[in-house]
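This report concerns only the one structure given below.
The values are calculated or read from the model by the stated rules, or taken from the named source; none is laboratory data. Note that the coordinates shown come from a computational prediction; the quantities given were computed from them, not determined experimentally. Please note: Cβ atoms are built from the backbone with ideal geometry, for glycine as well, and neighbour counts cover all protein chains shown. What goes into the accessible areas is simple: the full protein's heavy atoms, side chains included, and nothing from ligands, DNA or RNA. Shrake-Rupley method; radii C 1.70, N 1.55, O 1.52, S 1.80 Å.
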Amino acid sequence: MANEEELYLALDFGGTKHAAGLMMSSRHRVSSRSGHSVSTARPQWLAKRRIPAPPNSDGPTDRAVMFALADELLAGHAGELAAIGVSFGGPVNWAGGRVILSHHVPGWEDTPLVEMLRERYGAPVAMDNDANTAALGEWRFGVGAGCDSLLYITVSTGIGGGWVLGGQIYRGADSMAGEIGHLAVDPNGPVCVCGKRGCVEAIGSGTNIGRAMNERRGESGWTAEKVNREAEAGDP
């Protein structure tokens with residue numbers, strides 16, 4: 001039996017926070033009854049970091065922050081980096097490895113993020129939008145384990161969704177399948193960051209729940225977390 005330890009870097013570019021994690025996967029090669037070599041993976045998180053995005057951030061600032069996080073994690077652990085997985089909070093060109101844009105942060109338009117990371121760290125890179133990566137993670141490790149298909153919905157800075165169909169991420173013709181956040185449900189609703197009015201995201205995302213309460217109360221400082229806390233305490 002032979003053991004092979006590989007390092008994997010996970011990066012999550014969000015609208016209001018950034019997160020990075022380093023995982024070690026120990027591959028144990030054993031001989032099967034037929035005499036063939038079989039590899040089994042045992043993943044283990046080595047370190048995680050999460051920080052708020054800087055105020056008035058843009059694409060270059062976000063990248064500098066994330067690169068610093070990644071460098072910090074890699075400096076603390078010896079070993080060869082086997083691959084990098086990237087989750088991005090916005091639409092991406094999955095096949096081309098490019099960020100299309102961020103609805104919440106300027107300066108991300110048509111960014112070759114996969115190529116940037118590959119050149120910087122010398123490892124293979126896979127990228128998808130955050131809803132798809134979350135759907136895949138839930139299907140593989142969470143409540144969706146064992147399911148053939150599922151729809152994952154994320155409610156955070158924005159609202160998104162990701163499909164797993166037949167054990168594969170379904171992206172659609174333009175890598176936008178499952179993106180329910182920009183379905184318009186109220187023609188008289190608030191203007192969304194995408195330019196339409198009354199999108200699901202413009203009404204129900206964490207950011208917009210806080211915004212709506214600030215407008216209703218004529219105050220500042222309300223967040224979705226505070227709204228939820230006060231509602232649970234009985235505030236109608």
_So, in region 92-118, how many residues would count as being aliphatic (A, V, I, L, M), surrounded by fewer than 19 Cβ atoms within 10 Å (Cβ to Cβ) and more than 20 Å from Asp174 (Cα to Cα)?_
1
*Run Thr157 past the list (1) in contact with a strand residue (DSSP E or B) (Cβ under 9 Å, 6 or more places away or on another chain); (2) modelled with pLDDT of 90 or more; (3) surrounded by 19 or more Cβ atoms within 10 Å (Cβ to Cβ); (4) among the β-branched types (Val, Ile, Thr) and report the number of the one that doesn't hold.*
(2)
*asked:* Which numbered condition in (1) acidic (Asp, Glu); (2) over 23 Å from Met66 (Cβ atoms); (3) open to solvent by less than 50 Å² (accessible area, probe 1.4 Å) is the only one that Asp186 fails?
replied: (3)
*Pairs, please: C-beta under 9 Å, at least 6 apart or cross-chain, first residue on the phi > 0 side of the Ramachandran plot and in region 107-133, second part of a strand (DSSP E or B) and among the polar types (S, T, N, Q)?*
Asp110/Asn93
*Give region 134-159 a look and list any residue that's among the small types (Gly, Ala, Ser) and in contact (Cβ under 8 Å) with a residue 60 or more places away in the chain, or say none.*
Ser156, Gly158
*Considering only region 119-149, how many residues are loosely packed, with under 15 Cβ neighbours inside 10 Å and within 25 Å of Leu81 (Cβ to Cβ)?*
7
*If you check Ala20, Ala53, Ala95, which single one turns out to be closer than 30 Å to Glu109 by Cβ and at pLDDT 95 or above?*
Ala20
_region 189-207, residues that are part of a helix (DSSP H, G or I) and open to solvent by 30 Å² or more (accessible area, probe 1.4 Å)_ = Val200, Ile203, Thr207
_Scope region 47-62; condition under 17 Å from the mean Cα position of the chain (by Cα) and open to solvent by 30 Å² or more (accessible area, probe 1.4 Å); matching residues_ = Lys48, Arg49, Arg50, Ile51, Pro52
*Check Gly181, Gly210 and return the single one that is in a helix (DSSP H, G or I), over 22 Å from Leu101 (Cβ atoms) and in contact with a helix residue (DSSP H, G or I) (Cβ under 6 Å, 6 or more places away or on another chain).*
Gly210
*Return the residue satisfying two criteria in turn: it lies in region 100-140 and is among the polar types (S, T, N, Q) and in contact with a helix residue (DSSP H, G or I) (Cβ under 8 Å, 6 or more places away or on another chain), and of such residues it is modelled with the highest pLDDT.*
Thr111
